[in-house]
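The values are calculated or read from the model by the stated rules, or taken from the named source; none is laboratory data. Small disclaimer: the values here were computed from a predicted structure and weren't measured. Using ideal geometry, Cβ is built from the backbone for each residue, glycine included, and neighbour counts are taken over all protein chains shown.
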Amino acid sequence: MTRIIARTSRRLRLSQSQRGLGLVGGLAVLVMIGTVLLLLPVSGAGRALTWNEALFTAVSAVATTGMTIITPGVDLSLFGQVVLLVLMQLGGVGFMVAAVAVFRLIGKRVTFAERLTLRDSLGLLSAGQILSLTSRILAAVLFIEALGAVVLWLVWWPQYGPAWAAYFAIFHSVSAFTNASFDLFAGSPTAAAGFPTDALTLLTLAALIFLGGIGIPVIADLLRYPRRRFVSLHTRITLITAASLILVGTILFYLTESRGGSVFGDESAGRLWLLSFFHAVASRTSGFVVSAQFSQLAPANGLLLTILMFIGASPASMGGGITTSAFAVLVLAVWNFARGRSEIRAGRRTIPLEILFKAAAVATAAAAVIALVTWLLLYTQENVTLVTALVETVSAFSTSGFSLGLTPRLNLFGQLLIAGLMFFGRAGTLTLIVALAQPSPAPAVGYPEERILIG
């Protein structure tokens with residue numbers, strides 16, 4: 001009996017590992033296809049992209065990061081920009097969601113293994129009714145992006161005309177919701193005024209970024225709320241954590257910038273509150289740069305944005321980072337330990353210790369990777385400070401996209417390093433740990449406990 005249980009456990013772990021590799025492989029295929037399309041002469045504006053420019057841009061789009069060594073509004077043709085748009089959409093919403101949607105349209109049957117893979121890619125806890133839920137999620141995503149595009153079009157129409165405003169609105173609505181943060185305003189002769197920073201534009205983009213960063217499981221839970229009148233503990237923790245980070249981030253960003261002499265120090269109080277709120281929302285998931293002097297950001301706010309980027313978005317969302325859930329579990333563990341409890345309580349629920357182990361593993365792996373890549377950037381790049389390298393690294397890992405001006409100055413090794421980190425951040429630290437873990441049978445013999453000193 002013990003051998004049967006061990007073999008079954010091993011097969012389950014192997015299946016989970018194979019599904020994890022399948023998800024990573026799907027992202028890699030998207031990157032390769034995107035690179036080939038961007039290499040086509042028709043994708044470039046005036047010149048064809050080099051292989052490293054095409055690869056870096058494809059990885060950044062599929063990873064929904066937005067870091068770039070080109071200027072999309074200048075270096076990409078209309079065809080190239082559409083390719084970028086499609087890569088952002090597929091990388092954000094997920095190739096499995098798109099595949100299931102196509103299967104449903106052509107009447108192809110989705111196998112049980114494909115449903116499990118879809119469940120893993122969406123971060124759902126159950127595979128039950130996965131197809132109907134996927135359809136509702138896809139419809140909700142398209143509705144949110146369409147609504148955001150309509151609002152942006154109404155705002156931008158007077159300045160750019162109906163046609164260009166519609167194109168810009170669709171592109172930036174998708175870019176904001178998928179948290180990719182690519183923009184077509186920088187350097188573009190069509191948008192000589194640069195990135196629009198009016199209140200309605202910033203609030204619309206912030207709403208899209210927030211909805212894209214709370215995670216598909218939360219969106220699915222909220223879609224079911226009218227019928228169930230109940231939300232899961234995961235949804236409650238996600239919304240509370242996200243709101244808390246936005247509130248604290250807004251206040252701290254405002255306090256730093258209000259001292260004067262900083263990037264936004266000359267703005268009025270109301271305008272500064274708006275910019276502080278926007279950066280608190282965008283920093284965790286989407287790095288839209290709304291000021292040409294952003295690289296001169298105050299060191300205190302550089303540290304603040306780095307912390308928010310490291311925490312990142314929610315699980316199974318368009319963003320990266322260690323995720324709000326992992327951060328919340330670690331905070332709850334400290335809180336419960338300080339109160340003398342041997343379990344992690346959240347409201348009237350107890351969170352399994354297995355979740356704490358996963359959160360600690362993700363945070364530790366992320367910190368180790370960030371430390372290594374930061375050191376490599378300092379060692380291989382010229383004229384790079386610790387703050388600049390750290391922001392670049394955390395931004396790539398969290399797929400946020402903020403940069404203090406280092407991205408365009410990276411040499412080939414630095415470009416490949418940051419591209420690999422963006423892919424790692426999008427694939428997910430936990431996904432790669434699961435995918436690469438060697439399946440092993442449950443031990444038949446336990447070992448005695450022995451305490452060690454901590455602190």
Open item on the list: With the requirement that a residue be more than 17 Å from VAL174 (Cα to Cα) and surrounded by fewer than 15 Cβ atoms within 10 Å (Cβ to Cβ), what does region 137-162 give you?
Closed with: PRO158, GLN159, GLY161, PRO162
Task: Counted residues, region 354-375 - those being under 18 Å from VAL394 (Cα atoms) and surrounded by fewer than 16 Cβ atoms within 10 Å (Cβ to Cβ) - done: 8
Open item on the list: Are there helices (runs of 4 or more DSSP H) fully within region 65-180 with at least 3 residues that are over 20 Å from the mean Cα position of the chain (by Cα) and at pLDDT below 90? List them.
Closed with: 95-106, 112-122, 130-177
- [ ] Search region 418-440 for residues being at pLDDT 85 or above and out of contact with any helix residue (DSSP H, G or I) (no Cβ under 6 Å at 6 or more places or on another chain), and hand back the single one that is nearest to GLU53 (Cα to Cα).
- [x] GLY420
Task: Qualifying residue in region 388-402 (condition: loosely packed, with under 13 Cβ neighbours inside 10 Å and either touching an Asp or Glu at 6+ places or on another chain (Cβ under 9 Å) or without any contact (Cβ under 8 Å) to a residue 60 or more places away in the chain (or both)) - done: no
Task: Filter pass, THR324 being buried (at least 19 other Cβ atoms within 10 Å of the Cβ), free of Cβ contacts under 8 Å to residues at least 40 places away in the same chain, touching a helix residue (DSSP H, G or I) at 6+ places or on another chain (Cβ under 6 Å) and within 27 Å of LEU297 (Cβ to Cβ) - done: no
Open item on the list: Could you tell me how many of the residues in region 241-253 are surrounded by fewer than 20 Cβ atoms within 10 Å (Cβ to Cβ) and in contact with a Leu (Cβ under 6 Å, 6 or more places away or on another chain)?
Closed with: 1
TODO: Could you tell me which numbered condition THR399 fails, if it satisfies all but one of (1) modelled with pLDDT under 90; (2) under 30 Å from THR57 (Cα atoms); (3) hydroxyl-bearing (Ser, Thr, Tyr); (4) over 20 Å from the mean Cα position of the chain (by Cα)?
DONE: (4)
- [ ] Could you tell me whether GLY302 is at positive phi and within 24 Å of the chain's Cα centre (by Cα)?
- [x] no
TODO: Tell me, yes or no, whether region 288-301 has at least one residue that is in a loop (DSSP other than H, G, I, E, B), surrounded by fewer than 16 Cβ atoms within 10 Å (Cβ to Cβ) and among the aliphatic types (A, V, I, L, M).
DONE: yes
